[in-house]
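The values are calculated or read from the model by the stated rules, or taken from the named source; none is laboratory data. Bear in mind the structure is a predicted one, so any value in this text is a computation, not a measurement. Glycine also receives a Cβ, built like all others from the backbone with ideal geometry; neighbour counts cover every protein chain displayed.
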Amino acid sequence: MLLTADAERRYIRAIFTALGTSDAEADAMADVLTEADLRGHGSHGLIRVPLNVDLLRTGWCRAQAQPRIAQERGAAALLDGDRALGPYAATLAAREALVRARRSGAAAIGLNHCGHIALAGYYVELIAREGLVGLLFAKSEAHVHPWGGVERQIGTNPIAVAVPTESDPFLLDMSVGATSFGKLREAAIAGRPLPEGWAVDASGAPTTDARAAEAITPVGGAKGHGLGLAVELLGGLLTGVGAGPMRDASGWTQYWGTLVLALDPAVFVDPAWFRQAVSAYLAQVKGSRRAPGFAEILVPGERSYRTRRERLAHGVVIADAVWDEVAKLARELGVAPEQYVDLPAGR
């Protein structure tokens, strides 16, 4: 299925509006999930609609949530998500960090009691496009085994960093796992084999069968294991949501936790000089001698920005299985999927 970005936004917005969300909640869901698909991160795009619908239907998350500052001191604050959908609560946390960092030079916002935040880079990019540096550490559902272990004990736990430049921000958005759970789902749905080193089966043996994957392997071995544990502590325990597996046989047992930081470069250096220096250094890296077999040296965020421009022009491709799953949910809610198949001109 091929959709324009505008059509996908309207479609997602209609689904969550039908579930009783506020305009702001529906807009946040639509913006974040569509941006994921635009940037080539289909594992965090439309495919995440069923998860969030389930969170609302089971009452684990709720529509019309009212996130609030639970406690604060200086430029730091804890935002209680009030069981909000993750993209809505995380957007509020990023904006709160922006406001406080502009006032104080730096800010730290802990977020708890909300659902899956989806595309981690979205929130730090929001901060960087306002001229500040954004950092994010998010405790997510445990799908990663410890280095030397077999059981799921660590979240895929995204880490995101965005730094302003003279054009698009430097944007690092990475999981501590060799892949995300969403990409495992994509591979299983498509019947594609996994790259070696991504996952292990129930016995702990490496597997390339997405359907047999029991746990994701930490990226970089012991280093990813260490980063994952650090995010469990910062995004999970420091925000008060806990660490380790997020649900047991009875269902969900804890919410997602996120730590968002914003830094104003003006506290340290001249902001204009900083943007120029960042841009110059990244250009130097890209212009350095390439290894055999590489046509180009890329920096974090560059590929996703290119993909976004291409898909804005030519449309977003949605896997048939994902489209069918979401369409079934949409029809149950009285939303006609056919109304949102708005293909680009010439397609």
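Structure notes:
- Residue in the stretch 296-319 that is surrounded by the most Cβ atoms within 10 Å (Cβ to Cβ), counting only those that are aliphatic (A, V, I, L, M) and farther than 20 Å from Leu172 by Cα: Val316
- Only one entry of Gly204, Gly242 meets the criterion of being outside any helix (DSSP H, G or I), modelled with pLDDT under 95 and in contact with a helix residue (DSSP H, G or I) (Cβ under 7 Å, 6 or more places away or on another chain), and that entry is Gly242.
- Any hit, the stretch 180-189, residues being within 30 Å of Gly105 (Cβ to Cβ), assigned to a loop (DSSP other than H, G, I, E, B), modelled with pLDDT under 95 and under 20 Å from the mean Cα position of the chain (by Cα): no
- Yes/no for Val285 being part of a helix (DSSP H, G or I) and either touching a residue at least 24 places away in the same chain (Cβ under 8 Å) or surrounded by fewer than 13 Cβ atoms within 10 Å (Cβ to Cβ) (or both): yes
- Just one of the listed residues (Leu194, Leu111) is in a strand (DSSP E or B) and either over 17 Å from the mean Cα position of the chain (by Cα) or in the same structural domain as Asp82 (by TED's automatic domain parsing) (or both), namely Leu111.
- Which listed residue, of Arg303, Arg331, is under 30 Å from Leu19 (Cα atoms) and among the basic types (Lys, Arg): Arg331
- Residue that is surrounded by the fewest Cβ atoms within 10 Å (Cβ to Cβ) [pool: residues in the stretch 238-276 that are hydroxyl-bearing (Ser, Thr, Tyr) and over 19 Å from the mean Cα position of the chain (by Cα)]: Ser250
- Sole residue being in contact with an Asp or Glu (Cβ under 6 Å, 6 or more places away or on another chain) and surrounded by fewer than 18 Cβ atoms within 10 Å (Cβ to Cβ), chosen from Ala190, Ala202, Ala162, Ala120: Ala202
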